[in-house]
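See structure below.
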There are 2 protein chains.
Amino acid sequence: MKSLLATITFATLAFVTFTNAQAQDPLPSWNDGPAKQAILNFVQVTTDKSSPQYVPTEQRIATFDQDGTLWTEHPIYAQVTYCLDRVPAVVKAKPELKNVEPFKTVLTGDRAAIAKLELKDLKTILAATLTGMTTEQFRADVKAWLKTARHPRFDRPYTELIYQPMLEVLKYLRAHGYKTYIVTGGGQDFVRVYAEQVYGIPPEQLVGTIGETKYGYAKDGKPILTKQPKLILNDDKGGKPEGIHMMIGRRPFASFGNTPGDQEMLEYTTAGEGARLGMLVLHDDAKREYAYGPAQGLPETKVGAFPQALYDKAQNRGWFVISMKNDWNRVYPFDK
Amino acid sequence: MKSLLATITFATLAFVTFTNAQAQDPLPSWNDGPAKQAILNFVQVTTDKSSPQYVPTEQRIATFDQDGTLWTEHPIYAQVTYCLDRVPAVVKAKPELKNVEPFKTVLTGDRAAIAKLELKDLKTILAATLTGMTTEQFRADVKAWLKTARHPRFDRPYTELIYQPMLEVLKYLRAHGYKTYIVTGGGQDFVRVYAEQVYGIPPEQLVGTIGETKYGYAKDGKPILTKQPKLILNDDKGGKPEGIHMMIGRRPFASFGNTPGDQEMLEYTTAGEGARLGMLVLHDDAKREYAYGPAQGLPETKVGAFPQALYDKAQNRGWFVISMKNDWNRVYPFDK
């Protein structure tokens with residue numbers, strides 16, 4: 001027998017539950033769908049003590065690729081732009097480089113010519129602009145650059161071109177005891193300069209491509225660390241699990257990426273026991289950000305390509321592909 | 001005018017303050033003296049918001065050497081004993097090594113002969129026993145060894161030969177928002193196996209000597225990381241600040257060591273602005289632990305030497321030398 005009171009009570013309860021859920025949605029920039037549901041479900045089953053997939057707090061590790069996963073990587077990686085922008089200062093300090101390639105081409109400012117530089121030229125520029133100075137000088141240089149540099153399309157600082165939905169995931173995971181790490185092919189020291197302020201990720205939770213430093217003394221006797229042109233870790237592909245082992249020493253429970261450079265990280269993460277979460281961002285939103293694949297017939301690209309093979313592997317492995325267009329109702333924090 | 005009431009009130013207050021201080025002494029195994037006072041004072045001035053030397057929580061980093069600073073390193077480093085103990089298993093897997101030096105000598109079990117092995121022999125043994133397996137196999141091996149191995153003098157597991165006063169410092173610092181790191185010349189993967197349980201220091205806060213790992217797949221397709229015979233970081237001397245930069249990315253505010261291998265870490269730490277703390281453990285207690293220098297006329301040693309030059313530098317730099325004999329009223333947790 002259903003009494004009127006019971007009906008009213010049920011209706012009230014349902015209403016209360018509904019409004020609480022609305023008020024407390026931890027991922028408001030995510031549209032309802034399998035991706036959002038996967039994140040909510042993962043956090044629920046790994047943090048509920050009564051769940052068979054419960055994960056003790058100290059083991060809660062989540063790793064995020066940076067370029068293309070947490071912020072915009074098109075038309076070209078911000079760090080590469082930084083390096084190109086540094087060339088005049090490098091040539092000023094070493095004028096003999098003025099007529100030497102690839103510095104000569106970069107100095108012309110001719111974007112089409114610069115875009116044609118080969119990988120070995122780019123490496124020469126990276127070495128010249130990312131090494132030779134103290135870690136503190138480098139930090140100060142990057143900090144100054146970030147204040148003035150603007151993204152060519154959005155005319156905003158690079159640090160504003162971060163994905164609001166991913167900020168919500170980072171915050172949501174941390175609120176549930178997860179330590180959030182960036183695991184990036186980008187330079188560790190470069191990303192450290194802004195990651196704490198922009199993502200709430202401190203320097204010690206930054207696994208990047210790592211160059212050697214050398215301990216020594218300045219003229220005044222003060223200890224200094226000088227950046228060397230020698231790689232300790234190339235933090236891309238297989239280097240990602242290697243960097244995770246070195247810097248964290250535990251297998252992550254969740255990993256987020258967007259290219260084949262993140263594939264090994266997702267493999268390593270999701271091969272662990274219990275509930276694991278692997279997710280890949282697909283850039284299919286030319287209007288609000290960019291659209292590139294070539295997966296799913298999206299345009300080809302040289303920067304951050306997402307091939308169909310990776311898409312197929314994701315289906316196979318139970319990784320979720322996040323459609324920027326369909327899964328996100330907001331891309332940037334400044335979007336309405 | 002002093003009324004009786006005022007006198008009683010004052011006496012009561014003094015008594016309350018005294019008993020609270022007793023009850024709340026965070027470093028009960030430390031005798032009163034400059035070392036204990038320096039630790040209490042450092043924490044006070046860096047964590048009191050009204051202090052000009054206040055340090056924001058996210059910057060509170062403290063680093064500790066491991067062998068000889070947190071646990072006993074005599075008569076020989078535990079990790080070296082582990083490697084020697086592993087030799088029979090290595091030879092069983094590769095019988096051709098049976099008659100090859102230095103394996104042949106180690107297999108005899110003749111301690112005097114083993115003690116005479118040269119550095120290059122020791123390196124051969126370290127490479128054979130610390131590399132070639134997956135990170136998970138290594139972890140399991142070390143875990144099993146720690147359960148059965150006994151210290152030759154104290155006849156206890158190595159993990160019990162930890163310094164109670166240092167456990168109190170670790171706990172006290174953490175209670176005041178400091179992140180505590182181990183920065184050791186020992187193997188990162190080796191120390192990680194017990195550091196969390198023994199010191200409350202998780203794997204991600206372990207900066208050690210780091211060997212390369214290689215990502216690959218087991219026969220069943222499962223991702224594995226295999227330990228390679230190639231060093232990424234020799235975490236001793238200048239390598240300590242380099243490792244700190246790589247793994248933490250911030251300059252510590254406090255550092256604890258016990259040999260010239262820790263000197264650069266203390267230099268780097270104490271060269272920073274604001275209140276910084278540098279401390280060195282001097283092993284001058286032959287009765288409860290060991291006594292070795294040669295600083296202060298203590299006996300010479302091949303393991304963990306503390307030369308007079310380091311002692312003099314400590315005086316010069318304002319680093320504190322902890323006398324195990326005088327500053328600690330208890331050495332091990334099992335001491336009465």
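Among the residues of the stretch A:94-106, none qualifies, meaning not one is within 22 Å of A:Pro75 (Cβ to Cβ), of a type outside the set (S, T, N, Q) and either at pLDDT below 90 or loosely packed, with under 12 Cβ neighbours inside 10 Å (or both). Do you know which residues across the stretch B:249-265 are buried (at least 24 other Cβ atoms within 10 Å of the Cβ) and within 10 Å of chain A (Cβ to nearest Cβ)? Within the stretch B:249-265, B:Met265 is the sole residue that qualifies.
Using the structure shown, decide if B:Ile114 is within 30 Å of B:Leu40 (Cβ to Cβ) and either in contact with a helix residue (DSSP H, G or I) (Cβ under 8 Å, 6 or more places away or on another chain) or within 11 Å of chain A (Cβ to nearest Cβ) (or both). Judged against the criteria, B:Ile114 is not a match. Looking only at residues of the stretch B:24-39 that are out of contact with any strand residue (DSSP E or B) (no Cβ under 9 Å at 6 or more places or on another chain) and either polar (S, T, N, Q) or assigned to a helix (DSSP H, G or I) (or both), we find that the one that is modelled with the highest pLDDT is B:Gln37. Scanning the stretch A:196-214 for residues being in contact with a strand residue (DSSP E or B) (Cβ under 6 Å, 6 or more places away or on another chain) and facing chain B (nearest Cβ under 9 Å) gives a total of 6. Specify the residue that is farthest from the other protein chains (Cβ to nearest Cβ); the eligible residues are those in the stretch A:220-242 that are in contact with an Asp or Glu (Cβ under 7 Å, 6 or more places away or on another chain) and either free of Cβ contacts under 8 Å to residues at least 24 places away in the same chain or on the phi > 0 side of the Ramachandran plot (or both). Across the stretch A:220-242, the extreme among qualifying residues is A:Lys230.
Could you list, in sequence order, all residues of the stretch A:240-292 that are among the charged types (D, E, K, R) and in a strand (DSSP E or B)? Residue satisfying the conditions is A:Asp284 alone.
Restricted to the stretch A:41-85, and to residues there that are of a type in the set (Ser, Thr, Tyr) and either within 14 Å of another protein chain (Cβ to nearest Cβ) or assigned to a helix (DSSP H, G or I) (or both), the residue that is surrounded by the most Cβ atoms within 10 Å (Cβ to Cβ) is A:Thr63.
For the stretch B:125-155, the set of residues classified as over 18 Å from the mean Cα position of the chain (by Cα) and assigned to a loop (DSSP other than H, G, I, E, B) consists of B:Thr131, B:Gly132, B:Met133, B:Ala149, B:Arg150, B:Pro152, B:Arg153, B:Phe154, B:Asp155, listed by residue number.
Selection within the stretch B:315-336: residues that are more than 23 Å from B:Glu160 (Cα to Cα) and free of Cβ contacts under 8 Å to residues at least 40 places away in the same chain. The member of this set that is farthest from the chain's Cα centre (by Cα) is B:Asn316. Here B:Val193 fulfils each of the conditions (1) touching a residue at least 12 places away in the same chain (Cβ under 8 Å); (2) within 11 Å of another protein chain (Cβ to nearest Cβ); (3) at positive phi apart from (3).
Conditions tested, residue by residue: (1) among the aromatic types (Phe, Trp, Tyr); (2) in contact with a helix residue (DSSP H, G or I) (Cβ under 8 Å, 6 or more places away or on another chain); (3) exposed (fewer than 13 other Cβ atoms within 10 Å of the Cβ); (4) not assigned by TED's automatic domain parsing to the domain that holds B:Tyr178.
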site: B:Arg276; (1), (2), (3), (4): no, yes, no, no
site: B:Asp285; (1), (2), (3), (4): no, yes, no, no
site: B:Ala295; (1), (2), (3), (4): no, yes, no, no
site: B:Leu298; (1), (2), (3), (4): no, no, no, no
site: B:Val303; (1), (2), (3), (4): no, no, no, no
site: B:Phe306; (1), (2), (3), (4): yes, yes, no, no
site: B:Asp312; (1), (2), (3), (4): no, no, yes, no
site: B:Trp319; (1), (2), (3), (4): yes, yes, no, no
site: B:Ile322; (1), (2), (3), (4): no, yes, no, no
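The single condition among (1) part of a helix (DSSP H, G or I); (2) without any contact (Cβ under 8 Å) to a residue 24 or more places away in the chain; (3) farther than 26 Å from B:Pro229 by Cα; (4) under 26 Å from the mean Cα position of the chain (by Cα) that B:Ala112 does not satisfy is (4). Only residues that are among the hydrophobic types (A, V, I, L, M, F, W, C) and within 14 Å of another protein chain (Cβ to nearest Cβ) were counted across the stretch A:121-162, and they come to 3. Given the condition assigned by TED's automatic domain parsing to the domain that holds A:Thr57, of a type outside the set (A, V, I, L, M) and over 30 Å from B:Glu267 (Cα atoms), answer yes or no: does some residue in the stretch A:215-225 qualify? Among the residues of the stretch A:215-225, not one is assigned by TED's automatic domain parsing to the domain that holds A:Thr57, of a type outside the set (A, V, I, L, M) and over 30 Å from B:Glu267 (Cα atoms), which makes the answer no. Taking the stretch B:215-235 as the range and being in contact with a helix residue (DSSP H, G or I) (Cβ under 7 Å, 6 or more places away or on another chain) and not hydrophobic (A, V, I, L, M, F, W, C) as the test, the residues that pass are B:Tyr215, B:Pro223, B:Lys227, B:Pro229, B:Asp235. Can you report the number of residues in the stretch B:175-190 which are at the interface with another protein chain (Cβ under 9 Å from one of its Cβ atoms), within 16 Å of B:Ala127 (Cα to Cα) and touching an Asp or Glu at 6+ places or on another chain (Cβ under 8 Å)? The number of residues fulfilling the criteria is 1.
Rundown of residues vs (1) loosely packed, with under 13 Cβ neighbours inside 10 Å; (2) in contact with a Lys or Arg (Cβ under 7 Å, 6 or more places away or on another chain); (3) under 30 Å from A:Thr47 (Cα atoms), yes/no style:
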residue: A:Ala128; (1), (2), (3): no, no, no
residue: A:Arg153; (1), (2), (3): yes, no, no
residue: A:Tyr158; (1), (2), (3): no, no, no
residue: A:Gln164; (1), (2), (3): no, yes, yes
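The values are calculated or read from the model by the stated rules, or taken from the named source; none is laboratory data. Owing to the predicted nature of the structure, the values given are computational and were not obtained by experimental measurement. Glycine gets a Cβ as well: all are built from the backbone with ideal geometry, and neighbour counts include every protein chain shown.
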